[in-house]
Every structure is written in C-alpha cells, then in structure tokens.
Amino acid sequence: MALSLKTRFRIRRWGGRLLLLYLAICAAAIVISLNGLYPAASHRLAYALRDPAMDLTQPFTSCAAAHAAGFYNIPSGSKAYVEGQDRDGDGLACEPYSGGGPGTFVGAGRASSGG
C-alpha cells in the first residue's frame, strides 16, 4: 500500500525536526558532561569571551586614541565609556567611522585585523 504524497511530506517534515531535536539533546549532553569533567574549562571560556573594554579603568581622551589602542564599541558599563563619545546614543562609545577602521569587522571591544 503506497503512502500518499501528503503523508510522505509530513513524515519527512517531522523526521527532520526530530533529527534536529536529537542533535540538540546530544550536544547539550556533551556540554554538560564536559563541564562536569573539566570545570575549569568553563571559566577559561568565559574569560576568553569577555569584553576587554570592561577591563579598562579610565576613559580615553578621544575616540581617535581609543581606535589607535584597538578599542571600538566601548559599552556603557565600562569605566572607559564617555557619553560625549557616543555619537548616536546607543550605549556604545567610539564606534568605528563609516569607512570602517583598521579592522573591517568590529565586535565588542577590540577590532580584528582585516587580514
């Protein structure tokens, strides 16, 4: 007995969803077990992903000085944040100029080199 096209489509759709759910559960189990085996790894990962602008203790005199030091998008929670250096009032000071800057990709904190 052949299945209708509609039934085969439903099986394929739900099969894909179940596979994604299975992969997500497996990934979570791996992360949880690795965290139990290597608890120091989570602290190292958190340290590696932190925003270096949060470690600054004083503001830069200008955004040009911040850019020269490699800092872009300084968040408002940082001690280096100066409201006057936040051009658009979005909570990020010393954003890159429209032309980019030394790095074309700028995330929170340091800009990555273009090459």
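The values are calculated or read from the model by the stated rules, or taken from the named source; none is laboratory data. Quick caveat, the model's predicted, so the values are computed rather than measured. Cβ atoms come from the backbone with ideal geometry, glycine included; neighbour counts cover every protein chain shown.
Taking T57 as meeting all but one of (1) in a helix (DSSP H, G or I); (2) assigned by TED's automatic domain parsing to the domain that holds K79, write down the number of the exception.
Only one criterion in (1) in a helix (DSSP H, G or I); (2) assigned by TED's automatic domain parsing to the domain that holds K79 is unmet by T57, namely (1).
Name the residue, out of Y22, Y47, that is of a type outside the set (V, I, T), surrounded by fewer than 10 Cβ atoms within 10 Å (Cβ to Cβ) and part of a helix (DSSP H, G or I).
Going through Y22, Y47 in turn, just one is of a type outside the set (V, I, T), surrounded by fewer than 10 Cβ atoms within 10 Å (Cβ to Cβ) and part of a helix (DSSP H, G or I): Y47.
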